[in-house]
1. With each label point set 7 Å from Cα along the Cα-Cβ vector, what nm distance links Ile361 and Ala25?
2. Using all alpha carbons of segment 183-320, what is the percent of pairwise distances in each 5 Å bin, ordered from the shortest bin to the longest?
3. Which of the residue pairs Lys227/Lys355; Lys320/Lys355; Lys131/Lys350 have a Cα-Cα distance greater than 21 Å in the structure shown?
4. How would you order 323-329, 252-258 from highest to lowest mean count of nearby Cβ atoms within 10 Å?
5. As an exercise, use a Förster radius of 25 Å and the Cβ-Cβ distance of Ala372 and Leu49 to find the FRET efficiency, rounded to the nearest 0.05.
6. Please rank Ser411, Ser241, Ser57, fewest neighbouring Cβ atoms within 10 Å first, as an exposure proxy.
7. Under the rule of at least 5 residues apart or a separate chain, name every residue whose amide H is placed under 5 Å from the amide H of Ile343.
8. Projecting each Cα onto the charge dipole of segment 236-330 (Lys/Arg +1, Asp/Glu -1 at the beta carbon, about the Cα centre), which of Ala248, Pro293, Phe307 comes out farthest on the positive side?
Amino acid sequence: MDRQPIRRSWLFSFPTRTITLSFAAVILVGTLLLMLPVSSRAGAFTPFLDCLFTATSSTCVTGLVVHDTYAYWSAFGQCVILALIQIGGLGLVTLTTFFNIAIGRKLGLRGMHLAQESVASTGPDINQLMKVVMITALTVETAGALLLATVFVPEFGAEGIFIAVFTSVSAFCNAGFDIFGRAEPYVSLTGYVGNPIVVGTVGLLIIVGGIGFIVIHDLLQYRRTKKLLLHTRIVIVSTVSLILVWMAFTAVCEWNNPFTLGGLSGTGERLGAAWFHSVSCRTAGFNVFPLEPMHDITKILSSLLMFVGAAPGSTGGGIKCTTFAVIFMTVYSVVRGDEDTVIFRRKVEKSAVYKSLAVMILGILAVTITAACIVATMSGTHAVTGVDALFESVSAFATVGLSAGISAVASTLSRILLIFEMYIGRLGPVTFFLALAMRPTANRKEILPVGKIQIG
């Protein structure tokens, strides 16, 4: 009689576990909806694995696809994908928490912890933050859709409104899905590389969605507080630095490549494309020039930027720019002989350093194992290089969606691993494994003797 309530309590006893299960539930529902004949243009059932891959990519705001979104999926299927992108970008827990607040229902202690975990916040004013999340998303996505409509409506007529809304939501949520495959599949934004409205709007939507709602809330409070959180300063500095540095790398490496930047007209268009590629690599998944012909060095450098990803509490993935900043400054401190990690004259907690190292190592293991599996399972059917496999694997883990053309032809095992990568990449590797490992009762801390280990 009592087993069912006890089981339910165990499943949802921790915020990390609840968030993990909520994403799984959304993916399952999306998979079942995409399998329906009404979701495909052909009016036939779509294989389960293809639907699971697409639903996972949509919910985890990745952008990797096995079928072109416009060419394969019907209007209903595209609406399902759009809904999954919106829910996955903001998070089911975030949405339900906001609606509870909107109807006047007060959050309990557990509800507050769950809401804080969903947006990676430790602040006490979670009600205000939830409002900022929803208002920001609605305002930015609407503004982006209106700007994009000035280009798409004259080109596509009334259908351009839906295209503008779809592209705006996909960009803000850092999903990378597009519905431009009319003349040719998998073209993304390559037809608009010379259009500053499309490139600029989509790029800014990606940046705003990628800096995180904590940063947006802190910036909105700056006029009153006259100070910024350490988290905000790290995110802003690392975001600007990474975008500019990788923009320069892309420009230098691809400037004379006739199939990428070299095929574009004018210095401004080339620099704009390099900037957009750098922005998109931060977990967005759009591209304005073909990716397969890029030089291997560019793919490797792009993989590094994708691996870093966006900011915590954002719509993006990756190990997060704050993780990268903490690890970088920890290495710098060790080289200088300092015992503590210091950023902007603030000492970083040891727990943050340990968590950063754990996230990085788990991420490296995930992308390495998947890349090796892709090469091993596809060597007999498709010529897959190690660089392309690594690029695709990092793209899945960091929920970017930029593809070297592997996902559409990947083996069954490779697709399953990519699905798993997208899932843990959206949740965060530490969050995912904590959800599996946590028990209702915490282990008591033991006092243990200190052991000496020689390092280096």
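1. 3.4
2. Answer for segment 183-320: a P(r) of 2, 10, 20, 21, 18, 13, 8, 5, 2, 1, 0 percent.
3. Numbers: Lys227/Lys355 26 Å; Lys320/Lys355 12 Å; Lys131/Lys350 32 Å.
Check vs 21 Å cut-off fails for Lys227/Lys355; Lys131/Lys350.
4. Most protected by this proxy first, the peptides run 323-329, 252-258.
5. Details: r = 21 Å, r/R0 = 0.84.
My answer for the efficiency is 0.75.
6. Ser241, Ser411, Ser57
7. Val348
8. Value: Phe307.
Any read-out appearing in this document is the output of simple, stated calculations on the displayed coordinates, not a laboratory observation. Just so it is clear, the structure is predicted and the values come from calculations on it, not from any experiment. All Cβ positions, even for glycine, are placed from backbone atoms using ideal geometry, and neighbour counts span all protein chains on display.
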